[in-house]
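Taking it in order: structure first as structure tokens, then the write-up.
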Amino acid sequence: MRVVLLGPPGAGKGTQAQIVAGRLGVPAISTGDIFRANVSGQTDLGKQAKEYMDAGDLVPDEITVAMVRDRLDEPDAKAGFLLDGFPRTIAQAEMLRDSLAEQQLRLDRVLELVVDEEELVRRLSGRRMLVDGKSVQRDDDKPETVRHRLEVHREQTAPLSGWYEQQGLLSRIDAIGAIEEVTERLLAALGR
Ligand code: AMP
């Protein structure tokens, strides 16, 4: 199965991507995680991405698309994948469609996690992640950056939902509720 998980920052994409991908037996591919790993490892890609990430902006399409192309070429993604945080622009979505089409493949479904903005701000400002056993706030979860990331999402990423809807691929999923409830809604939309 080839699935895209859409939704604003704080909707629970990362959490749900891990669980749903596990249930489907496909890799969860998170562009944010790949970028963060490259920033920590101080690779060239990480150095290119860092300033955009810290500002809460999108990393330019050329950089992101090349990275995703390489990741999807790896053997574990051949039988399917669940993309988390990609595509985030129409140009990225077109690249994904075209590169799958070259292999006579297409997406099976696009799942959009729907959460109202007030709840997102609340979730993001309280969010912590574990680094070396310590609970820390992500640099881009600071209140000013959160507001900017939501704006970037509204302007550049939200249009994807209508774009995929026109293609008959979109399922909108209410992402308020217990993690397990949301997982069941996502799996039901995939016919599982
Ligand atoms: P995330 O973990 O998905 O919230 O991503 C964290 C940050 O990584 C974003 O705010 C962007 O700076 C960058 N990023 C992740 N995915 C993409 C993408 N598909 N296109 C551009 N930038 C991205």
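Summary table below
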quantity: Some residue of region 153-161 being part of a helix (DSSP H, G or I), closer than 29 Å to residue 90 by Cβ and at pLDDT below 90; calculated: no
quantity: Which listed residue, of 65, 39, 59, 26, is within 11 Å of the ligand (Cβ to nearest atom), at negative phi, of a type in the set (A, V, I, L, M, F, W, C) and touching a Phe, Trp or Tyr at 6+ places or on another chain (Cβ under 7 Å); calculated: 59
quantity: Pairs with Cβ under 6 Å, 6+ apart, first in region 49-64 and without any contact (Cβ under 8 Å) to a residue 12 or more places away in the chain, second more than 7 Å from the ligand (Cβ to nearest atom); calculated: 50/39
quantity: Single residue of region 88-104 satisfying the filter (open to solvent by less than 80 Å² (accessible area, probe 1.4 Å) and polar (S, T, N, Q)) that is farthest from the ligand (Cβ to nearest atom); calculated: 99
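The values are calculated or read from the model by the stated rules, or taken from the named source; none is laboratory data. Bear in mind the structure is a predicted one, so any value in this text is a computation, not a measurement. Note: ideal-geometry Cβ built from the backbone for every residue, glycine included; neighbour counts use all protein chains shown. Note: accessible area is taken over every heavy atom of the protein model, side chains too, but ligands, DNA and RNA are not part of it. Shrake-Rupley method; radii C 1.70, N 1.55, O 1.52, S 1.80 Å.
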